[in-house]
Amino acid sequence: MNKRLPGRALLLALVAMTLAACSSQPSSTGSAPRTDSGSIDSHPIVGQRWNLLLVGTDERLSMPETPHFSVGADGRVTGSDGCNALNGQVSLDNGNRIEFGNLATTRRGCPQLADAQRVTDMLENAYRFLIDHDRLIFFGPDQRVLGGWRQAN
């Protein structure tokens, strides 16, 4: 009988639990914002204003107002899609997952309304993020780059 089997079984169980944790989807229940460590106010995204840098990997938009958003310690997100004010909720975790929910925008008209909708769509489709110095990059569930934001000074 192989005495290493219990050790291998334990290793396989740990690998299975890790994979299960990595594959879980963010909650879409509209519940309160969360982080793995408890408090959202210590998250690096919170308390900063993020201005739109790029849509996709290289497209810059020319809008009446710079699209931007900020996340408060209460998990509320406020900002602008470039034409309209927006607000909603955000859920974050230390696994670099992000989920915007209950996003609402005002309904002002502007010539770049299609581009404004692309900004809102980027937020609604964001699944993961990466922070690199003063830049925040959003990825979709398929790992495709949705766009980038720069921390405002």
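Quick look at the numbers
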read-out: Residues with amide H under 5 Å from that of GLY82, placed H, sequence gap 5 or more; value: HIS68
read-out: 5 angstrom amide H check on LEU103, placed H, neighbours 5+ away; value: GLN89
read-out: Relative packing of 145-153, 110-118, which averages over residues the other C-beta atoms within 10 Å, highest first; value: 145-153, 110-118
read-out: Gain in span if fully extended, ILE131 to GLN48, counting 0.36 nm per residue against the direct Cα distance; value: 28.6 nm
read-out: Mean separation of Cα contacts under 8 Å (6+ apart) over length of the stretch 62-153, as relative contact order %; value: 18
read-out: Integer Hz, Karplus 6.51/-1.76/1.60 couplings in order for the stretch 62-71, x for Gly and Pro; value: 9, 10, x, 9, 5, x, 7, 8, 9, 10
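Bear in mind these aren't lab numbers, they're just calculated from the coordinates by the rules spelled out. Remember, it's a predicted structure, so these values are computed and weren't measured experimentally. As a convention, Cβ positions derive from the backbone with ideal geometry for all residues, glycine included, and neighbour counts pool all protein chains shown.
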